[in-house]
1. Viscosity 0.692 mPa s, temperature 37 °C: what is the translational diffusion coefficient of the range A:1-121 from Stokes-Einstein with a Kirkwood Rh over Cα pairs, rounded to a whole number of µm²/s?
2. Could you list the square roots of 5 times each eigenvalue of the Cα gyration tensor of chain A, that is, the equivalent ellipsoid semi-axes, sorted largest first and rounded to whole Å?
3. Calculate I(q)/I(0) for chain B by the Debye formula, one identical point scatterer on each C-alpha and no solvent, and give its log10 at q = 0.10, 0.14 Å⁻¹ to two decimals.
4. Which residues does the label zone of residue B:379 cover in the range B:303-330, counting backbone N under 18 Å from a point 7 Å along Cα→Cβ?
5. Give me the percent relative contact order of chain B, please, defined on Cα pairs under 8 angstrom at least 6 residues apart.
6. Two-decimal Rg/Rh of the range B:27-144 from alpha-carbon positions, Kirkwood Rh?
7. Based on the mean of other Cβ atoms within 10 Å per residue, sort peptides A:115-121, B:286-292 so the most packed one is first.
8. Kindly identify the range B:161-227 as rounded, prolate or oblate by the Cα gyration tensor criterion: order the square roots of the eigenvalues as a ≥ b ≥ c, call it rounded if a/c is under 1.5, otherwise compare a/b with b/c, prolate if a/b is larger, else oblate.
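Please treat every number below as a calculation from the coordinates, not as lab data. If you're wondering where the values come from, they're calculated on a predicted model, not measured in any experiment. Positions of Cβ are backbone-derived with ideal geometry, glycine not excepted, and every protein chain shown enters the neighbour counts.
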Amino acid sequence: MKHETPLLNQLESGPWPSFVSDLKQQAEVRAKNEENIEFQIPVDAVEDLLGVLELSYVDGTTHWKHGGIVGVFGYGGGVIGRYCDQPQNFPGVAHFHTMRVAQPGGKYYTAEYLRDLCDLWDLRGSGITNMHGSTGDIIFIGTTTPQLEEVFYELTHKFNQDLGGSGSNLRTPADCIGSSRCEYACYDTQALCYDLTQEYQDELHRPAFPYKFKFKFDGCPNGCVASIARSDLSFIGTWKDEIRIDQEAVQAYIGGEMPPNAGAHSGRDWGAFDIQKEVIALCPSDCMKYEGGKLEINNKECVRCMHCINVMPRALRIGNDRGCSILAGAKAPILDGAQMGSLLIPFIKVEEPYDEIKEVIENVWDWWMEEGKNRERLGELIKRQGLQKLLEVTGVTPDARHVQEPRSNPYIFWKEEEVEGGWDRDIDEYRKHHQR
Amino acid sequence: MAFISSGYNPEKPMENRITDIGPKKYDQFYPPVIAKNKGKWLYHEILEPGVLVHVAEGGDEVYTVRVGGCRLMTTTHIREICEIAEKHCDGHLRFTTRNNIEFMVDDKSKVDALKKDLETRKFPGGSFKFPIGGTGAGITNIVHTQGWIHCHTPATDASGTVKATMDEVFKDFQDMRLPAPLRISMACCLNMCGAVHCSDIAILGYHRKPPMLDHEYLDKICEIPLAISSCPTGAIKPAKVEWKGETVKSVAVNNERCMFCGNCYTMCPSMPLSDQIGDGIVLMAGGKVSNRISQPKFSKVVVAFLPNEMPRWPSMTKTINQMIEAYSKDARKYERLGEWAERIGWERFFDKCELEFTHHLIDDFRDPAYYTWRQSTQFKF
Ligand code: HEM
Ligand code: HEM
Ligand code: HEM
Ligand code: SF4
Ligand code: SF4
Ligand code: SF4
Ligand code: SF4
């Protein structure tokens with residue numbers, strides 16, 4: 001290795017896969033170059049990356065410079081410029097930009113396709129990736145400016161594959177595994193995610209928004225892609241009718257023939273399964289009972305929390321009248337504190353061509369683009385102008401589902417047209433009956 | 001290193017240009033058994049830590065072996081993953097939201113060979129390449145951000161803190177002994193690219209010193225109004241500064257009002273704030289995103305600061321362990337860490353986890369702070 005890395009070396013031991021070992025093996029592969037690749041960025045980029053990281057471990061700060069505007073022609077997103085602040089010591093990573101590559105829904109791959117990506121990135125980049133970036137994209141870490149257009153050209157021409165989003169635009173939407181392999185999915189998360197991604201390519205690649213905007217798609221209220229916490233519009237699968245019950249399977253759980261919670265608790269002896277304690281008593285809306293060997297659910301009172309279904313997946317199944325709820329405005333703390341998504345649409349059908357859903361999205365965007373300040377996330381605008389305003393611009397009829405509880409302060413902003421006779425009154429008429 | 005052209009012509013960038021085609025369509029990558037049974041799955045079961053079976057209405061089965069992965073991953077490693085997928089899974093695989101890798105086979109008889117193959121692959125340093133686990137009431141992979149490896153604003157490293165933590169909790173990656181799933185997330189600055197604010201346990205990199213001002217360059221590199229308006233607390237104002245005998249336009253920061261978010265640095269590179277001593281780790285706890293039983297919750301700050309202790313952050317992993325063990329011992333079956341803390345009360349949470357409560361843990365940021373103070377005489381001694 002080019003640089004000594006005594007601190008990083010300590011991260012090679014222990015059972016969890018070591019990124020240091022992986023980087024070292026990559027450095028060796030590049031140095032040997034058995035495939036005779038005509039590397040388009042410095043051969044020793046990986047060694048220099050280890051070197052600069054070791055330096056950060058010594059002095060406790062980063063050595064990446066702030067920013068640098070690079071990109072591919074016509075796109076405002078998908079590439080993030082990155083320069084090292086110690087280029088003389090680590091020339092291999094002096095320029096080390098990130099490219100975000102749009103990932104397939106559900107993150108399914110074939111080996112063949114992944115190898116194509118590896119070939120491309122070995123030739124034109126560092127051979128280092130994030131699988132995956134936090135937004136969901138495949139992240140190529142480390143290349144130089146002249147390679148950006150070349151990578152983009154090959155992605156689009158050879159692999160029928162585009163870049164993802166970055167900057168003040170729609171970020172690459174992401175979904176849970178959904179109905180492709182999960183029996184809890186209330187709609188096809190991948191189909192909706194793909195359709196909207198295609199529909200809004202322009203918004204994804206050309207920043208026109210006040211700030212970033214994220215869609216994420218959870219197939220059910222378990223929330224495996226955390227959409228409620230990290231997307232401006234969060235689509236969470238749900239149903240309106242009855243949970244389907246297989247009473248025989250209920251008996252099998254009670255009798256201990258089937259493991260509760262699909263075996264998720266098998267690492268400890270929790271005692272025999274107790275349907276009263278583990279399901280009925282934990283139901284947040286208290287809408288279940290078990291009497292005379294039969295499990296009954298008062299579905300009208302069910303809040304569809306998934307608990308009973310999670311515990312007895314072979315006995316209980318989601319209903320048949322399925323769709324999704326849409327929540328708006330989640331974001332991380334920057335700037336104004338963390339926000340969870342707030343309920344906007346309690347229930348909407350998820351059916352191609354998804355026109356109803358697109359109408360909601362476009363109404364939200366129209367409002368946000370008109371009213372949002374620079375770097376103001378949707379959630380912050382909702383806070384500033386009120387949830388009522390969001391309901392108004394999306395044409396959603398307010399109902400009790402939109403709140404945890406009604407307001408506790410009576411400072412109600414009535415609109416003039418809501419008050420009989422309007423706001424204009426005659427002061428002279430008033431004075432006839434009220435002395436000064 | 002001769003330049004190899006892909007066919008792109010910089011003289012005519014629009015020639016043959018293809019744009020806006022989006023990602024590859026998901027269904028071309030489905031393993032056949034997934035394609036055939038999509039939407040028809042009946043139930044699933046976790047056969048052992050890391051091994052799932054999903055059963056379809058027609059009786060088809062898919063067996064999934066889930067393994068942990070570093071999200072920072074080289075092509076050499078990916079090629080090895082491909083090789084495994086081809087050897088055992090007809091060339092199919094998938095990644096999970098939490099950077100695990102899943103190998104799927106359509107018959108139980110193929111599982112053992114796959115598992116054996118995965119378990120035996122190790123890096124020269126001794127770590128597993130593909131540890132099996134990450135399911136059910138245990139600890140799965142940590143979602144995280146870039147850290148010192150590639151970002152300009154981190155207050156700590158991401159890959160290193162994650163490796164240190166996963167080594168410590170590895171037993172629970174391969175076990176399902178906890179009362180409920182326990183999700184750990186990591187973000188190396190307040191931007192939280194990896195969004196940790198709703199995790200059972202969150203590791204967050206944090207700065208504690210206001211920005212330095214590079215007066216010499218500030219006005220040349222930055223838009224001063226942008227820097228000023230970027231500050232959520234209004235701590236920045238324009239200023240004329242004497243600099244090496246010259247009066248330059250710059251900014252002044254009211255240090256008392258700075259909460260070290262780094263937003264000014266994002267807008268203005270002449271306001272860096274990272275620091276060897278000032279930077280470190282905040283630990284948060286009790287968040288979740290699922291709607292199961294209780295509603296989603298934010299994580300709460302439970303340790304206001306721990307120093308960066310490279311390369312293994314022992315104080316951080318020790319504190320995380322304290323929380324996991326107290327939770328494991330005390331919580332009821334199905335109870336998430338935050339639900340447990342709320343049931344016993346946060347004052348008791350600090351006792352049981354042996355954490356010190358300090359004034360830093362009382363919220364003082366704007367309106368929402370008020371809703372976190374106690375307005376009741378119901379509390380525990
Ligand atoms: C002022 C705010 C922010 C700044 C300046 C910022 C900056 C950056 C930068 C420079 C990167 C690229 C790192 C690299 O690849 O070299 C990045 C990545 C990313 N950021 Fe942020 N970020 C900000 C806020 C956020 C927030 C709030 C999120 C919320 C989730 C976020 C999500 C991401 C994601 C998903 C990535 C990709 C990281 C990866 O997985 O590789 N960013 N951010
Ligand atoms: C058959 C497939 C799956 C099923 C049946 C399933 C089921 C569940 C269940 C029951 C929860 C429970 C939440 C709770 O107890 O509070 C959950 C949460 C979660 N699942 Fe899955 N899951 C599946 C696949 C996945 C996959 C592939 C991932 C990604 C690796 C994932 C990520 C998550 C996450 C991040 C949560 C956390 C929610 C939280 O923090 O509250 N799930 N899932
Ligand atoms: C438990 C499973 C979770 C996973 C797998 C997860 C993953 C991610 C990822 C990958 C991002 C990148 C940002 C993005 O893509 O939008 C992100 C962002 C975010 N996450 Fe999480 N996160 C989880 C839970 C949480 C928790 C615990 C929080 C707290 C952070 C949270 C709230 C957010 C927020 C607020 C953002 C950024 C929101 C924004 O876009 O500004 N998510 N999360
Ligand atoms: S969110 Fe629901 S549908 Fe999606 S993978 Fe998780 S449990 Fe399954
Ligand atoms: S889904 Fe939740 S609320 Fe509905 S019956 Fe089951 S446990 Fe009760
Ligand atoms: S969380 Fe902060 S430091 Fe970490 S990658 Fe994101 S912007 Fe960079
Ligand atoms: S770090 Fe944040 S709070 Fe401090 S001056 Fe900069 S923008 Fe303001």
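1. Rounded to a whole number, D works out at 199 µm²/s.
2. Result for chain A: semi-axes of 46, 35, 21 Å.
3. Evaluating at q = 0.10, 0.14 Å⁻¹ gives log10 I(q)/I(0) of -0.83, -1.24.
4. In the range B:303-330, the label zone of residue B:379 (backbone N under 18 Å from the point 7 Å along Cα→Cβ) covers B:303.
5. RCO, chain B: 11 percent.
6. For the range B:27-144, the value is 0.95.
7. B:286-292, A:115-121
8. Judged from the Cα gyration tensor, the range B:161-227 comes out prolate (a/c at least 1.5, a/b above b/c).
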